[in-house]
Structure formats: C-alpha cells, structure tokens
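In what follows, a structure is listed as structure tokens, so that the remarks can point back to it.
The values are calculated or read from the model by the stated rules, or taken from the named source; none is laboratory data. Note that this is a predicted model, so its numbers are computed, not measured. Because the Cβ atoms are built from the backbone with ideal geometry, glycine has one as well, and the counts that use them run over all protein chains shown.
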Amino acid sequence: MKGAPALLLQAGVSALLLVWLLQRVPVADVTAALGRLKPSTLALAVALTLVGYLGRAHRWAKLLSRAGLSLPLGRAWCLTLLGVGYGLVTPGKVGEFARVLHLGVPRAQALASVIWDRATDVLILETLALPAFVLVPAWRGPVLWLFLAVAAATLALVLLLESRGVQRAVARALPFAAAPLARWQEASTGTLASQAFRAGLAGGAFYYAFNFAAGFLLLRDLVASVPPALVLGFPIIPLLGNLPIAFSGLGLREQVSAALFAPLGAGAAAGPAFSLAWFAVATLAPGVLGLLLAPTPWARWAAPGSGRA
C-alpha cells in the first residue's frame, strides 16, 4: 500500500476502533482522567523520554557501523527524532526509514541499519512482555493471541534478514527478489551475532528504562492506586498498539490499553487516557521536535570523504 489510499485506509481503521471503544468508555470519562495529569508530570516525562532516545540513537549508530559509517551520537539522536516525526505522518510509520535519506550516503549502504533497528526494538519489547503473560492470567486472552502472532511474524522476519538458506529459498520462490536479496546478504547477514547488535540491545534497554519511567509517572497521576501488575503491561502497549493497521496506532493502542487496564480494576477510562498521554510524551513530542530539526544542519550528515554536503 502506498500514498493516499493506505493513509485513508488506516485512518478508517482508526476511526472504527475509536467508535468501538467509545461504545464502552464515555469520552467524558477519558477527558476527566486526562485532566488529572499535572503539567509538571508531563514536562518531566517528556524530558525523560528525550534522554531515553539517546539509547535508540546509540543503537542505530552501532548498527550503522557495520556498514562502515561512524555517525556521531548527537547527530544520530537528531535523525532518530526526525525519523519518529516522519513516522507520524506516513502510513504504517514507514517514514521512520526515511532518516537514511539525510545521511548523504547511498540508501543501500544504510537501509539494513534502520530495518535491523526496528527489528531489534520489537525483539526487546517481545522479551520484556513475556513476564506479563506468565504472571497475569487475566491477559491470557485475545491480547496473548495477538502477541503470539506478532512474535511469529518477528521470527519470520529475523530468519529472512539473517539466514542465507531462507534468503535462497525466497529467491527461488520469487525470482524477481533474487537480486535485492543478494545485495541484502552482504549488508545484513551476520548482524544477529555481531557486537553491534549486542551494543544495540544495551541502547534499547537504556531507551526503555527512561521510557517506562516516564510512563510510570503518567500512570501515578491517572490511577489513584496503581496495581503493580499493570507495570508489566508497559511493553505490550507499544508492541501491539503500533501495528501498522491504524494511523499512528490511534485507536488500536487505546484498545490494547483498555484490554490491559480493565481486568486489573484500574478503571475503564484510565487505559485509553494513559495510552493517549504516553503517545503524546513518547512519540508525538519527540516527533514534532524531530520535524522542527529537519531544516537544520543537525538533521544532515555526510560520511567523511563522501564529498556530499
């Protein structure tokens, strides 16, 4: 799917999901819940999140190093935020990959890094989500089945990215993909066992430590007595709530949050309110900052000796 049709389809999915949600949760209740958020909480949560993005930037820079590119951390941070901004306004957040266009190097040289960056993020979230399903029986319903489907899709993607045997099988089945896969082998195969991937995991852990701390601050304002088990659901919300079927996850993310909050007695409106606030803090604010940085020199980089500005 490309362009306007995909955007309209995802907007339609978001609208349907929101209408379905509002049949169970009144808008006034969600608004009242959001009204409990303190401005100081929002400011601190945004600050924590922006610091956390240094971890994501570090991860991407390390993955780029496999392509022989040494991107400074500050520039990687700006371009990571810019990618988040592009993701806000493109179908399925594919705009996040467009940050490679600001590197001043051939796209093929850097593309593997952004694909592995997103794959690593999903792998981290899936790992962090496992304790939730082990320790909270109330979530072993539709949410668990959706999680298992995403985990299976992730496994298939990693096999395609990493396994030469799988790549050869796909090339035989789809001859038109043989040439791109051959180029991909050189750029991608071996990433999973590389030092860059291990460093990327550490960067991702740093990011989510700050991201989840920001989420906890929001949760304390929204829910008078936070059930401890609810914190285990933090990885599930971005993992399932950002599947590329709704516009910027709107509607889907709120449905997932409602499914996690309601069984634990946290209030029907608290789930959607939390997901909206967390999205604003963790994605919308950094993405807008990234778009504001787009016309500045901080949003461009050229490898030494590339001869490109």
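Thr41 falls short on exactly one of the conditions (1) under 21 Å from the mean Cα position of the chain (by Cα); (2) β-branched (Val, Ile, Thr); (3) surrounded by fewer than 20 Cβ atoms within 10 Å (Cβ to Cβ), and that condition is (1). Please determine whether any residue of segment 202-209 is surrounded by 24 or more Cβ atoms within 10 Å (Cβ to Cβ), closer than 20 Å to Ala45 by Cα, among the aliphatic types (A, V, I, L, M) and modelled with pLDDT of 95 or more. The answer is no, given that none of the residues of segment 202-209 is surrounded by 24 or more Cβ atoms within 10 Å (Cβ to Cβ), closer than 20 Å to Ala45 by Cα, among the aliphatic types (A, V, I, L, M) and modelled with pLDDT of 95 or more.
For (1) out of contact with any Cys (no Cβ under 7 Å at 6 or more places or on another chain); (2) in a helix (DSSP H, G or I); (3) buried (at least 24 other Cβ atoms within 10 Å of the Cβ), each residue gets a yes or a no:
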residue	(1), (2), (3)
Val226	yes, no, no
Glu254	yes, yes, yes
Pro272	yes, yes, yes
Phe279	yes, yes, no
Ala282	yes, yes, yes
Leu291	yes, yes, no
Trp298	no, yes, no
Ala302	yes, no, no
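Quick one: count up the residues across segment 231-240 that are part of a helix (DSSP H, G or I) and crowded, with 22+ Cβ neighbours inside 10 Å. Final tally of qualifying residues: 5.
Out of Thr49, Thr90, I need the residue that is among the β-branched types (Val, Ile, Thr), farther than 18 Å from Phe206 by Cβ and either surrounded by fewer than 24 Cβ atoms within 10 Å (Cβ to Cβ) or without any contact (Cβ under 8 Å) to a residue 24 or more places away in the chain (or both). Which one? After ruling out the rest, the residue left standing is Thr90.
So that you can scan it fast, the table gives a plain yes or no per residue for (1) part of a helix (DSSP H, G or I); (2) surrounded by 15 or more Cβ atoms within 10 Å (Cβ to Cβ); (3) among the charged types (D, E, K, R); (4) out of contact with any Cys (no Cβ under 8 Å at 6 or more places or on another chain):
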position	(1), (2), (3), (4)
Pro5	yes, no, no, yes
Val25	no, yes, no, yes
Gly55	yes, yes, no, yes
Ala61	yes, yes, no, yes
Leu82	yes, yes, no, yes
Gly85	yes, yes, no, yes
Ala98	yes, yes, no, yes
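A Cβ distance below 6 Å, combined with a sequence gap of six or more or placement on separate chains, defines the contacts here; from segment 162-187, residues that are under 22 Å from Ala110 (Cβ atoms) reach no residue that is modelled with pLDDT of 85 or more and basic (Lys, Arg).
Across segment 63-80, the qualifying residues are those that are more than 16 Å from the chain's Cα centre (by Cα) and among the aliphatic types (A, V, I, L, M), and the one among them that is surrounded by the most Cβ atoms within 10 Å (Cβ to Cβ) is Leu63. Every condition in (1) free of Cβ contacts under 8 Å to residues at least 60 places away in the same chain; (2) under 21 Å from Val150 (Cα atoms) holds for Ala258 except the one numbered (1).
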